[in-house]
Amino acid sequence: MSEVFDGARRNARETVGNAVVKALRDRGFEAVYAESKEKALGLILDRIPRGATVGIPGTVSVRELGAIEALESRGCIVYQHWGPLTPEARLQARMNENAADFFLTSANALTQDGEIISIDADGNRVSAMAWGQGVLIFVIGINKLAFTLEEGIRRARSASIPNALRLGNTTPCAKAGCCVDCRGVSRLCRATLILEAPTHGRETHVILVGAELGY
Ligand code: SF4
């Protein structure tokens, strides 16, 4: 019986995924649907040549795919700021990420109409999505889909809760379990980007994955 449910869920995700891919293409994104994490990783590697530099900001989705290890094993130079770095080294890593040949990231939400929503505390990720020299690649799990822009922004903010817990941050939402639109110094939601289309001249790919990725 579970095979029947799995098949029905796979088909439903593919139908929704292909509709969203069409909406993204109508907006000028180079979008494709991947039915599994393995296929998504293959599509990433198809787009990034051996030896390229790749910036990977704070993204659980990309790390869950094993993309960093796969890229490094192909001779790519990966810049990332996660890990035990000095403040100076972290700042340099962020600048390297944003100047790399490719910027590989996820987003916090994607609407059915093809709008891509991201919220940052520091702004490094949304600034690289909005402007940069390198090719921009999004990989987004189907769990991040939202019906409307308003729902997408709400969903994007909700990602701050597990992020706060991961970072040991004492945001009010980490205690309450929901957004209270806080005002304190611990606020994580500080810069919101809604990409309605690729910015002028920017090659922008979206790989929508028919599996849960990130949060
Ligand atoms: S409570 Fe603050 S940090 Fe948490 S989701 Fe809301 S605005 Fe963001």
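All of the numbers you see were taken from the coordinates with simple rules; none came from a lab. Because the structure is predicted, anything quoted here is derived from the model rather than measured. Because the Cβ atoms are built from the backbone with ideal geometry, glycine has one as well, and the counts that use them run over all protein chains shown.
If you keep only loop residues by DSSP, which trypsin sites (Lys or Arg not before Pro) in the range 27-129 have at most 14 other Cβ atoms within 10 Å of their Cβ?
Values: sites: Arg27, Lys37, Lys39, Arg47, Arg50, Arg63, Arg74, Arg90, Arg94, Arg125; in loops: Arg27, Arg50, Arg74.
For trypsin sites (Lys or Arg not before Pro) across the range 27-129 that sit outside H, G, I, E and B with at most 14 neighbouring Cβ atoms in 10 Å, the list reads Arg50, Arg74.
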In sequence order, calculated HN-Hα J values of the range 47-60 (Karplus, 6.51, -1.76, 1.60; Hz; x Gly/Pro): 8, 10, x, 4, x, 6, 8, 9, x, 10, x, x, 8, 6
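What does the convex hull of the Cα atoms of the range 2-209 come to per residue, in Å³, rounded to a whole number?
Numbers: hull volume 27.6 nm³, N = 208.
Once divided by residue count, the hull of the range 2-209 is 133 Å³.
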Beta bridges per DSSP with both ends in the range 2-209, % antiparallel, nearest 5: 25
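Before rounding to the nearest 500, sum -39500 (n - 2.57) across all DSSP H runs of length at least 4 in the chain and divide by the residue total; then give [θ] at 222 nm in deg cm²/dmol. Spell out each step's value before the answer.
Details: 9 runs with 91 residues, N = 215.
That calculation yields -12500 deg cm²/dmol at 222 nm.
About its Cα centre, how strong a charge dipole does the range 2-209 have in debye, to the nearest 20, once Lys and Arg get +1 and Asp and Glu get -1 at the Cβ? Let's see the in-between values first.
Details: 25 positive and 23 negative charges, 92 e Å.
Rounded to the nearest 20 debye, it is 440 debye.
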Length gained when the stretch Ser127-Glu35 is fully extended (0.36 nm per residue, less Cα-Cα span): 30.2 nm
Per-residue HN-Hα couplings for the range 98-114 [Karplus 6.51, -1.76, 1.60; θ = phi - 60°; Hz; x = Gly/Pro]: 6, 9, 6, 4, 10, 10, 10, 8, 10, 9, 8, 6, 9, 7, 5, 8, x
Gained length - Val4 relative to Glu212, 0.36 nm times residue gap less alpha-carbon distance: 72.9 nm
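If R₀ is 30 angstrom, what is the calculated FRET efficiency for the pair Ala19 and Thr170, using the beta carbon separation as r and rounding to 0.05?
Numbers: r = 40 Å, r/R0 = 1.34.
The calculated FRET efficiency here is 0.15.
For Cys182 and Ile77, compute 0.36 nm times the residue count separating them, minus their Cα-Cα distance, and round to one decimal in nm. Write out the running numbers ahead of the final one.
Values: separation 105, 0.36 × 105 = 37.80 nm, distance 3.81 nm.
Net length gain for the segment: 34.0 nm.
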